[in-house]
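A.B. asks: Provided herewith is a single structure, encoded as structure tokens, for subsequent inquiry.
The values are calculated or read from the model by the stated rules, or taken from the named source; none is laboratory data. Nothing here was measured: the structure is a model prediction, and the numbers come from that model. Neighbour counts run over all protein chains shown; Cβ positions are idealised from the backbone, glycine included.
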Amino acid sequence: MGASDIVSGTLELLVLQVLADRPLHGYAIGQEIKRQSADVLRIGENVLYPALHRLEDRGDLSAKWGRTPRGREAKIYTLRAQGRRRLERDRERWLSRSDAATQILRGAS
Amino acid sequence: MAESVGRGHADPAGRILSPGPRGPDRDHRREIEAHIAERVDDLVAGGLDRTEAERRARTEFGDPGPALDEMRRIAERRLRRRRLLRALDELRIDLSTALRSLRRHPLHAIAVVLTLALGIGATTTLFTVVDRVLLRSLPYADANRIATVWSVDSQGRNTSLSLPDFFDLRAGSGAFESLAFIRGGSLTRLDGERGASRLGTAFVTEDFEAALRPKLAYGSLSAFADGGVSEAIVALSYDAFLRHLGGDPGRVGEVLSFRDGGRRLVAVLAPEVEYPLWADAYTPLREGDAEWVGLSARDYRLDNRAVGRLSRGATLASARAELLGIAERLARAYPDTNREWGATAEPLRDLLVGDQETSLWVLLAAVGGLLAIAVANAAGLAVSRVMSRGRELGVRASLGMPAGRIARLVALESVLLSLVGGALGTAVALAATPRLTEGAGGTVQAAGTLGVDARIAAVALLISIVVGLAAGALPALLGSRTTLTQRIRRGDSSRAAERTRAILVGTQVALSVGLVATTVLFARSLSTLQSVETGVETEGLTVSRLTLPSEYHGVPERRRVLWDDLVRRLGDDSAVEAATVVNHAPLVGTGVLSPARVEGGGGEVVPSVWLRMTGERFFDIADIELLSGRVFGSLDHAEESDGVVVSAAAARSLWGGVEVLGKRLTLERQLASDPDFQSPIEATVIGVVEDTRAQLRGEAVPAVYLPMRVHPWTSAYLIARAPPGPRTEEAVRSAILSVDPTLPIGEIRAYSDLATRSIQRDRFVASLSSTFAALALLLAWVGIYGAMTFAVQRSSRSLAIRIALGSTSRQASGAALRPTLLAIAAGALTGAGLAAALAPLTAALLVDTAPLDPQAIGIGVATIAAVALAAGWLPARRAARTDPVEVLRD
């Protein structure tokens, strides 16, 4: 599944979810989404970085330069309280809607 | 490598590594580079060699361009938002600084607010009037094409035109696409329990709607187009609709009953429709109606109007030329009635607002002067404030506050004060406008109750801001320009401030002199009007006009009995000392003219005289002085009497002198509209009385007085010698009801009110202008006082040194105050020039008063000198009492 297939609202939700456990840099966020979705979801970088900046601009994330576990300089993103609240709210909504959509699609097949 | 690959996607390296133009962009590139490096590490860990891994990583990433663009957009948006927030924050801080500083100096704040409230209040009030009367569009579709049509007499005066002339003008004119005739008359409405009431009525021809196309509140005028043939209809003015039908729109369509039958109410005109001014009702003019009587006479030029809509392409000039051509043809065809008569057209707009236009513009100019004085005053006060805050502002500047922000801080205070002043001023306007409306009369009054609406409030707000900026600009400039050291040492800057203040004082003085001088002219013109020899005493008299219904036409005997009864009943009332009647009272502005021939006076032009049919005791009650002969005795009121009394002006115009007792004259006819008044009256002069005027703002008219009992008129003013008031009104009402309960009762008013109506505008202008002048003087006093106090304070050190070095205190304080005194002198001189320059503008409003009057200007200068003296005395004394030791120690 290509990155562009992911609706931007969904991508942002996934980013917030991945960052809920710990702060990560951009590359690691993409890898983590891939890993947790068992390689099904791959996020295109051209979508990921603007999304990160948007979330930061909106105040859901904070970002500062730091070191990756390999010791390389990278921008590390941290979930802020506001982002955590949004995650909780949007996650419930997304899950209930996708359940409903899945049900319809099952019936149709 | 960079050269070998196409631009589109790959050489990402080249693009990424090239240094970004701006900080955020570079940051974004670094972030992407970090991403690629991490990816390379992962790929290498997976077994790829580093070169291949690098190539793979970049290919996977693709062209970073779009992502970079998007990131830049986000960053820019963020930056803009931050800037705005910072600006708002600064403004908030400045605002609270300004508020704090104003709170610390409440006297300054109060002085500025009051000054501006006065200026803005007066300006808003007057603007409300000007807006309503002059700026609003007229309530008629395409009103600029509407013109009124007039006959022009041999002296070039526009007068009412006759119906036959109207028909000929309409038939011959191509310049008008529609032309309507309006006959002034009245309808008597019968309304069950409320009895009969009279409605001033415009009887109109079928073109009425097409010509005027007035704005309507309810209904439609289309039924007027068939001339009321299919159904009797009526339209009401909004005012009459409120008075008679309580403003209930459900009653439109109802048949209203009138003495001469029912009429269906088809329309109510919009409140602002005011042509003709006296019309309560509009109804088609039908042949055979009472109003039609007499209209077929070609020389019946009374109470008729014509109004038309110019064709597209026609101009007022072309219409006038055409009308004049037709009038010349008519003069040849009907020499008896039309010789020397012309015709012309005037824009409707002139008729509706022309009378008020000049006076309102002049008053607006005056109030503009007042506002300018207020601004100069506020600016002067603010300049002093800035200077006395020298240290504070200096410290701010040295702590790094940029000059622009200091200027803003100072200007902000001024705008804040001005807004408060504006709010207060608008409140003043709200309170003052209704009173102004009462005083204005005429068109202003007809425009309805003036309120301060949203538009006016917006104008007041705009004025407040502009005034605040104008008053704040100078001090802001002075406050931001000077350096810290200057401020702390009180050096040049305070001299610059003093100069600025002097200029501001000069401006105030100049404007005040102009205003005072102009006001003196208006006051003199008014007093001229009020002191004219009117020849008639109006005080203590109450009048009511009574128009007899059609049953009284054609039966003079019935009218004679009616007037007799009426006067007797009214005179018998204990509230009334004496009573009489007259068909047209002096000074009320109306009358009937009759051509008068005298024996031996067979000239080409027959002079016209004003006919006054009078009841017994008229001369006594109106206190018109007898010059020679006698006034009517009871015998003269007998039917066969042919005695008349003439006014001195009539004697001069008919016989060229006042020795006219026993002379004979023939009044050719009295009223062309009424068969009762067609036959010539042969008369003998039995007395000469002093002159009276038709109206105050006019000249003495030649009048011939006849006994009402001999020539009973169809309408008259009832005159009661009794103080105006409810008791007298009741007496008049019951007298009328007792002789004929179906008679329509009109307004009952003080004769003096009616008589001074024609000078109401002069009173309005004079009283408003003197209010403005008084306010201007008050503000100038505050301004001069402030400037002098400031000058004394500023120069206390040099004063002290001079005194310590041996100057007398008088010399020393003279030196300190010299700049302000010079400014006052220069201002007074400029003001005299200003007053002279304003002369042509005011000339149109003055009666028997020269617009360029050295005496008036002298009064202006003297007044301001007195004000300056009063304002300067205290500061000057303080200066003279300067104690050098105390000041120098400080």
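A.B. asks: Does residue B:862 qualify as being modelled with pLDDT of 80 or more, assigned by TED's automatic domain parsing to the domain that holds residue B:769 and not hydroxyl-bearing (Ser, Thr, Tyr)?
C.D. replies: In short, yes.
A.B. asks: Then there's this: Any residue that is free of Cβ contacts under 8 Å to residues at least 40 places away in the same chain, touching a helix residue (DSSP H, G or I) at 6+ places or on another chain (Cβ under 9 Å) and part of a helix (DSSP H, G or I) - is there at least one of those in segment B:340-351?
C.D. replies: Yes, because at least one residue in segment B:340-351 is free of Cβ contacts under 8 Å to residues at least 40 places away in the same chain, touching a helix residue (DSSP H, G or I) at 6+ places or on another chain (Cβ under 9 Å) and part of a helix (DSSP H, G or I).
A.B. asks: Could you check how many residues of segment B:123-142 are small (Gly, Ala, Ser) and modelled with pLDDT of 85 or more?
C.D. replies: The qualifying residues number 1.
A.B. asks: Assess whether residue B:113 counts as being among the aliphatic types (A, V, I, L, M), more than 14 Å from chain A (Cβ to nearest Cβ) and under 30 Å from residue B:212 (Cα atoms).
C.D. replies: Against the criterion (among the aliphatic types (A, V, I, L, M), more than 14 Å from chain A (Cβ to nearest Cβ) and under 30 Å from residue B:212 (Cα atoms)), residue B:113 does not qualify.
A.B. asks: When you scan segment B:698-744, how many residues do you find that are more than 22 Å from residue B:646 (Cα to Cα) and part of a loop (DSSP other than H, G, I, E, B)?
C.D. replies: The number of residues fulfilling the criteria is 9.
A.B. asks: Something else about it: Does residue A:87 fit the bill of being within 14 Å of chain B (Cβ to nearest Cβ) and either part of a loop (DSSP other than H, G, I, E, B) or within 14 Å of the chain's Cα centre (by Cα) (or both)?
C.D. replies: Working: within 14 Å of chain B (Cβ to nearest Cβ): no; either part of a loop (DSSP other than H, G, I, E, B) or within 14 Å of the chain's Cα centre (by Cα) (or both): yes.
Judged against the criteria, residue A:87 is not a match.
A.B. asks: Identify all residues within segment A:7-29 that are more than 15 Å from residue B:67 (Cα to Cα) and within 14 Å of another protein chain (Cβ to nearest Cβ); write none if there are none.
C.D. replies: Within segment A:7-29, the subset more than 15 Å from residue B:67 (Cα to Cα) is A:7, A:9-25, A:28-29.
Residues satisfying the conditions are A:11, A:12, A:24, A:25, A:28, A:29.
A.B. asks: Return yes when residue B:407 is farther than 13 Å from residue B:480 by Cβ and either touching a Ser or Thr at 6+ places or on another chain (Cβ under 8 Å) or of a type in the set (Asp, Glu) (or both) and no when it is not.
C.D. replies: No, not satisfied.
A.B. asks: Another one. Among B:516, B:452, which is the only one that is surrounded by 20 or more Cβ atoms within 10 Å (Cβ to Cβ), modelled with pLDDT of 80 or more and out of contact with any strand residue (DSSP E or B) (no Cβ under 9 Å at 6 or more places or on another chain)?
C.D. replies: On the way: B:452 fails: modelled with pLDDT of 80 or more.
Of B:516, B:452, the one residue that is surrounded by 20 or more Cβ atoms within 10 Å (Cβ to Cβ), modelled with pLDDT of 80 or more and out of contact with any strand residue (DSSP E or B) (no Cβ under 9 Å at 6 or more places or on another chain) is B:516.
A.B. asks: Out of A:54, A:70, report the one residue that is exposed (fewer than 14 other Cβ atoms within 10 Å of the Cβ), at the interface with chain B (Cβ under 10 Å from one of its Cβ atoms) and either under 14 Å from the mean Cα position of the chain (by Cα) or within 18 Å of residue B:42 (Cα to Cα) (or both).
C.D. replies: Working: A:54 fails: exposed (fewer than 14 other Cβ atoms within 10 Å of the Cβ).
Testing whether each residue is exposed (fewer than 14 other Cβ atoms within 10 Å of the Cβ), at the interface with chain B (Cβ under 10 Å from one of its Cβ atoms) and either under 14 Å from the mean Cα position of the chain (by Cα) or within 18 Å of residue B:42 (Cα to Cα) (or both) leaves just A:70.
A.B. asks: Also, I was wondering about something else. Quick one: which strands (runs of 3 or more DSSP E) lie wholly within segment B:541-623 and hold at least 2 residues that are outside the structural domain of residue B:732 (by TED's automatic domain parsing)? It would help to see each step written out before you state the result.
C.D. replies: Working: elements: B:541-547, B:578-582, B:592-598, B:608-614.
Hits in segment B:541-623: B:541-547.
A.B. asks: Something else now. Among the listed residues B:54, B:76, B:90, identify the single one that is surrounded by 12 or more Cβ atoms within 10 Å (Cβ to Cβ), at pLDDT 90 or above, under 60 Å from the mean Cα position of the chain (by Cα) and not aromatic (Phe, Trp, Tyr).
C.D. replies: On inspection, the qualifying residue turns out to be B:76.
A.B. asks: If residue B:64 satisfies all but one of (1) facing chain A (nearest Cβ under 10 Å); (2) surrounded by fewer than 16 Cβ atoms within 10 Å (Cβ to Cβ), what's the number of the condition it fails?
C.D. replies: (2)
A.B. asks: Would you tally the residues in segment B:241-256 being out of contact with any strand residue (DSSP E or B) (no Cβ under 6 Å at 6 or more places or on another chain) and in contact (Cβ under 8 Å) with a residue 40 or more places away in the chain?
C.D. replies: Residues in segment B:241-256 being out of contact with any strand residue (DSSP E or B) (no Cβ under 6 Å at 6 or more places or on another chain) and in contact (Cβ under 8 Å) with a residue 40 or more places away in the chain: 1 in total.
A.B. asks: Consider only pairs whose beta carbons are under 7 Å apart and that are at least six residues apart or on different chains; among these, list those whose first residue lies in segment B:537-559 and is modelled with pLDDT under 85 and whose second residue is in a loop (DSSP other than H, G, I, E, B) and of a type in the set (Lys, Arg).
C.D. replies: Listed by first residue and then by second, the contacts come to B:549/B:259.
A.B. asks: Return yes or no: is residue B:440 crowded, with 19+ Cβ neighbours inside 10 Å, at pLDDT below 60 and touching a Phe, Trp or Tyr at 6+ places or on another chain (Cβ under 8 Å)?
C.D. replies: Judged against the criteria, residue B:440 is a match.
A.B. asks: Right, another one. Here is a list: B:47, B:119. Which entry is in a loop (DSSP other than H, G, I, E, B) and more than 14 Å from chain A (Cβ to nearest Cβ)?
C.D. replies: B:47 is the lone residue from the list that is in a loop (DSSP other than H, G, I, E, B) and more than 14 Å from chain A (Cβ to nearest Cβ).
A.B. asks: Evaluate the following for residue B:630: is it over 41 Å from the mean Cα position of the chain (by Cα), exposed (fewer than 15 other Cβ atoms within 10 Å of the Cβ) and at pLDDT 85 or above? Talk me through it step by step, then tell me what you get.
C.D. replies: Numbers: over 41 Å from the mean Cα position of the chain (by Cα): yes; exposed (fewer than 15 other Cβ atoms within 10 Å of the Cβ): yes; at pLDDT 85 or above: yes.
When the stated conditions are applied, residue B:630 passes them.
A.B. asks: Moving to a separate point now. Scan segment B:311-324 and report the pairs whose first residue is under 18 Å from residue B:211 (Cα atoms) and whose second residue is among the β-branched types (Val, Ile, Thr), with Cβ atoms within less than 8 Å and a gap of 6+ or a chain change.
C.D. replies: B:320/B:344; B:323/B:149; B:323/B:344
A.B. asks: Please work out if residue B:279 is buried (at least 20 other Cβ atoms within 10 Å of the Cβ) and in a loop (DSSP other than H, G, I, E, B).
C.D. replies: For residue B:279, the condition - buried (at least 20 other Cβ atoms within 10 Å of the Cβ) and in a loop (DSSP other than H, G, I, E, B) - is met.
A.B. asks: Same structure, new question: Would you check which residues across segment B:208-241 are touching a Lys or Arg at 6+ places or on another chain (Cβ under 9 Å) and of a type in the set (Phe, Trp, Tyr) and list them?
C.D. replies: B:241
A quick yes/no check of all residues on (1) buried (at least 22 other Cβ atoms within 10 Å of the Cβ); (2) not assigned by TED's automatic domain parsing to the domain that holds residue B:827:
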{"site": "B:325", "(1), (2)": "no, yes"}
{"site": "B:330", "(1), (2)": "yes, yes"}
{"site": "B:350", "(1), (2)": "no, yes"}
{"site": "B:368", "(1), (2)": "no, no"}
{"site": "B:373", "(1), (2)": "yes, no"}
{"site": "B:376", "(1), (2)": "yes, no"}
{"site": "B:380", "(1), (2)": "yes, no"}
{"site": "B:389", "(1), (2)": "no, no"}
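A.B. asks: Return the total of residues in segment B:723-752 being touching a strand residue (DSSP E or B) at 6+ places or on another chain (Cβ under 9 Å) and basic (Lys, Arg).
C.D. replies: 2
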